[in-house]
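All remarks here apply to the structure that follows.
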Amino acid sequence: QVQLVESGGGLVQPGGSLRLSCAASGINFNIASMGWFRQAPGKQRELVARTTSGGSTVYADSVKGRFTISRDNAKNTVYLQMNSLKPEDTAVYYCRSTVLGAISWGQGTQVTVSS
């Protein structure tokens with residue numbers, strides 16, 4: 001079955017950086033669109049960034065210029081490099097795969113930005 005396992009979350013000070021990883025199994029990663037979403041307490045889950053199988057990327061306006069999504073098809077892994085982190089980036093970050101219309105989610109990883 002499909003498994004998406006996120007890692008790399010944690011506590012970081014404002015202005016710091018983190019890199020999230022999402023290792024996928026059970027899907028044809030080469031044709032998958034991969035995305036990172038986040039959900040803060042009391043708020044709806046929102047798109048952070050996504051990348052298509054062809055490498056096109058889309059970012060939320062709130063993270064443009066600070067976050068970078070990338071993928072390594074040889075490792076079936078998608079990354080989210082987060083720089084210049086702000087307290088408002090605090091949330092649970094989820095990985096999502098979409099393959100031929102079938103959507104799967106990871107379990108999430110907590111990112112807390114606080115001094």
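The values are calculated or read from the model by the stated rules, or taken from the named source; none is laboratory data. Predicted model, so just to flag it, every value in this text is computed and none were measured. Ideal geometry is used to build each Cβ from the backbone, glycine not excepted, and the neighbour counts take in all protein chains shown. What goes into the accessible areas is simple: the full protein's heavy atoms, side chains included, and nothing from ligands, DNA or RNA. Shrake-Rupley method; radii C 1.70, N 1.55, O 1.52, S 1.80 Å.
Within the chain, what whole-number % of the accessible surface is contributed by carbon and sulfur, with the 1.4 Å probe and all protein chains included in the calculation?
In the chain, the share of accessible area belonging to carbon and sulfur is 47 percent.
Taking the Cα centre of the chain as the origin, how large is its charge dipole in debye, to the nearest 20, when only Lys and Arg (+1) and Asp and Glu (-1) carry charge on their Cβ atoms?
60
Which far-off residues, 5 or more places away or on another chain, put their amide H under 5 Å from the one on PHE67, with H placed in the peptide plane?
When sequence neighbours closer than 5 places are left aside, the close amide H contacts are ASN83.
With an 8 Å Cα cut-off and a minimum separation of 6 or more residues, compute the relative contact order for the chain in percent.
After rounding, I find 37 percent.
Residue by residue through the stretch 42-57, which ³J(HN,Hα) values in whole Hz follow from phi under the Karplus form 6.51 cos²θ - 1.76 cosθ + 1.60 (θ = phi - 60°), with glycine and proline marked x?
The phi angles translate into x, 10, 6, 5, 9, 5, 9, 6, 8, 9, 7, 4, x, x, 5, 10 Hz.
Calculate, for ARG66 and ILE103, the FRET efficiency according to 1/(1 + (r/R0)^6) with r their C-beta to C-beta distance and R0 30 Å; round to the nearest 0.05. Can you show the working numbers first?
Details: r = 26 Å, r/R0 = 0.87.
In this case the efficiency is close to 0.70.
Report, ordered by chain and residue number, the aspartates and glutamates lying within cross-link reach of LYS43, taken as a straight Cα distance under 18 Å and ignoring same-chain residues fewer than 8 apart.
Cα-Cα hits under 18 Å: ASP61, GLU88, ASP89.
Using a Cα-Cα cut-off of under 30 Å, which lysines could be cross-linked to LYS75, ignoring same-chain neighbours fewer than 8 residues away?
LYS64, LYS86
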